[in-house]
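S.K.: Mind looking over this structure? Questions follow.
Every read-out reported here was derived from the displayed coordinates using simple, explicitly stated rules and does not represent laboratory data. These numbers were taken from a predicted model, which means no experiment stands behind them. Here the Cβ positions follow ideal geometry from the backbone for every residue, glycine too, while neighbour counts run over all protein chains shown.
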Amino acid sequence: MSFRKALLAALLGIASSGWAQQAQLPLLELFAGMHRIEAELAATPESRQIGMMQRTLMAPQRGMLFVFPEVAKHCMWMRNTLLPLSVAFLDEKGRIINVEDMQPKTTDNHCAVKPARYALEMNLGWYKSRGLGAGYAITGIDKAPPGR
């Protein structure tokens, strides 16, 4: 194998290693009014731990729904996450409790201000650019599996 082919194979392997596992997460269609969201489901301890780590881009309509097994004041952080994100903490009915903006590669805690059942990560500014904040309901959340 030539050096160029070996290098290309190695780079493809590195680039796809974290993404390939996440790309297999099931999708759930959600709506914020007229805005459609393709939410990858992070409903297991392993998928919640990996979250959006190592990703370098995300489509505007794509996000990740973290489904927790219990209602609590959950917190998120951005260690090993390369994309700036906004996270909405949601109650059991999908109503936004609060939205937090998060910067890449930081260990700052971003927490729900009240007990939450879900966290929905989207690209940075997604909620603000659509005028979505506390009290707004994300529909389709009732189809989410229970968290484990």
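S.K.: Just to be sure I understand the model, the point goes 7 Å from the Cα along the line to the Cβ. What's the resulting residue 53 to residue 108 distance in nm?
M.R.: 2.2 nm
S.K.: A further question follows. Write down Rg/Rh for the range 26-143, rounded to two decimals, with Rg from the C-alpha atoms and Rh from the Kirkwood relation over Cα pairs. It would help to have the intermediate numbers written out before the result.
M.R.: Values: Rg = 12.6 Å, Rh = 13.8 Å.
The Rg/Rh ratio comes out at 0.91.
S.K.: State the answer as a single residue: which of 59, 76, 129 lies farthest towards the positive end of the charge dipole of the range 26-143, with beta carbon charges of +1 for Lys and Arg and -1 for Asp and Glu, about the Cα centre.
M.R.: In the range 26-143, that residue is 129.
S.K.: If you rank 87, 113, 67 by fewest surrounding Cβ atoms within 10 Å, what's the result?
M.R.: Values: 87 28, 113 11, 67 22.
So the ranking, lowest neighbour count to highest, is 113, 67, 87.
S.K.: Going by how many other beta carbons lie within 10 Å of each one, how would you line up 48, 36, 62, 130, fewest first? Walk me through the numbers on the way to the answer.
M.R.: Details: 48 20, 36 11, 62 17, 130 14.
If I rank by nearby Cβ atoms, fewest first, I get 36, 130, 62, 48.
S.K.: I would also like to ask the following. Mean shadow of the range 20-84, computed from the convex hull of its alpha carbons, in nm²?
M.R.: 5.0 nm²
S.K.: Work out from phi, with θ = phi - 60° and the Karplus expression 6.51 cos²θ - 1.76 cosθ + 1.60, the ³J(HN,Hα) of each residue of the range 135-148, listed in order in whole Hz, and give x for Gly and Pro.
M.R.: Residue by residue, the range 135-148 yields x, 6, 9, 8, 8, x, 5, 5, 8, 5, x, x, x, 10 Hz.
S.K.: Tell me, 68, 89 in order of fewest to most beta-carbon neighbours within 10 Å?
M.R.: Working: 68 19, 89 27.
Exposure proxy ranking, most exposed first: 68, 89.
S.K.: Show me, for the range 124-130, the HN-Hα J-couplings you get by feeding each phi into the Karplus relation (A = 6.51, B = -1.76, C = 1.60, θ = phi - 60°), rounded to Hz, glycine and proline as x.
M.R.: Using θ = phi - 60°, the values come out as 3, x, 4, 5, 4, 5, 9 Hz.
S.K.: Please list 3J(HN,Hα) in residue order for the range 79-95, calculated via the Karplus relation 6.51 cos²θ - 1.76 cosθ + 1.60 where θ = phi - 60°; whole Hz, with x for glycine and proline.
M.R.: Running phi through 6.51 cos²θ - 1.76 cosθ + 1.60 with θ = phi - 60° gives 4, 6, 9, 9, 9, x, 10, 10, 10, 9, 8, 10, 7, 5, 9, x, 7 Hz.
S.K.: When the convex hull of the C-alpha atoms of the range 64-113 is computed, what volume per residue in Å³ does it have? All intermediate terms of the calculation are to be shown ahead of the outcome.
M.R.: On the way: hull volume 3.9 nm³, N = 50.
Dividing the Cα hull volume of the range 64-113 by its residues yields 77 Å³.
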